[in-house]
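> Please read through the structure below; I'll follow up with questions.
The values are calculated or read from the model by the stated rules, or taken from the named source; none is laboratory data. Bear in mind that the values here come from a model prediction, so they are computed numbers and not experimental data. Cβ placement follows ideal geometry from the backbone for every residue including glycine, while neighbour counts extend to all protein chains displayed. Side chains included, ligands, DNA and RNA excluded: accessible areas come from the protein's heavy atoms. Shrake-Rupley method; radii C 1.70, N 1.55, O 1.52, S 1.80 Å.
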Amino acid sequence: DLVLDRRVAVKILHPHLATDTSVTRFRREAIAAARLAHPNVVSIFDTISADGVEAIVMELVDGTTLRRHLDRHERLSPDDALHIGTSVCDALAAAHGSHLVHRDIKPENLLLGDDGELRLLDFGLAYCPGLSEDQASTLPGTPSYIAPEAFRGDPPSAQQDLYAVGVTLYF
């Protein structure tokens, strides 16, 4: 960010993927995540829509995803599992308090910062009444992490996110 003199991450929706549906979902992701101001949620700074390019400008987190960490280390120590579980639950408490259900909790969407903090990202499948009514009946996320009631077609809920946290920590 040359204006504010800070390093940022830019998530770009590649033009060959930019259908009306994916652009709408991409913009909804930015709006949903920007509603949250929490130390365990990646901050959204801006969006860009110019010359056929859609992008989200966000906080740059130096570190790795929980998925990459698990691929290298296989298991979490009890202390790490407790820290990660507490941090993601804190982030979800903020999201749920804003009537936002993430719907895609999994190791790939949890960043372990070099500063030791965990940050939740990727609100592309998030459900928020009034923002994503059309998405309430769509089966979200990665099948291994989806709560049974979501498969039944129940409305998105905070409990479904918590189920995914449990599965994430179990794996």
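> Any residue at all in the range 93-110 that's closer than 25 Å to A150 by Cβ, out of contact with any strand residue (DSSP E or B) (no Cβ under 6 Å at 6 or more places or on another chain) and of a type in the set (D, E)?
The answer is yes, given that some residue of the range 93-110 is closer than 25 Å to A150 by Cβ, out of contact with any strand residue (DSSP E or B) (no Cβ under 6 Å at 6 or more places or on another chain) and of a type in the set (D, E).
> Starting from residues that are in contact with a helix residue (DSSP H, G or I) (Cβ under 7 Å, 6 or more places away or on another chain) and open to solvent by less than 30 Å² (accessible area, probe 1.4 Å), keep the ones in the range 113-126 and report whichever is farthest from Q159 (Cα to Cα).
Within the range 113-126, the match that is farthest from Q159 (Cα to Cα) is L118.
> Looking only at the range 31-54, count every residue that is without any contact (Cβ under 8 Å) to a residue 60 or more places away in the chain and closer than 23 Å to A91 by Cβ and tell me the total.
Pass one, the range 31-54, residues without any contact (Cβ under 8 Å) to a residue 60 or more places away in the chain: 34, 37-38, 43-54.
Going one step further and asking which of them are closer than 23 Å to A91 by Cβ, we end up with 34, 37-38, 43-47.
Result for the range 31-54: 8.
> Here is a further query. I need the full set of residues from the range 126-158 which are modelled with pLDDT of 85 or more and within 12 Å of the chain's Cα centre (by Cα), in order please.
A126, Y127
> For the range 1-73, give me every one of the strands (runs of 3 or more DSSP E) that falls completely inside it and has 2 or more residues that are open to solvent by 30 Å² or more (accessible area, probe 1.4 Å) and modelled with pLDDT of 90 or more. Steps first, answer last, please.
Details: elements: 8-13, 44-50, 53-59, 63-65.
Qualifying strands (runs of 3 or more DSSP E): 8-13, 44-50.
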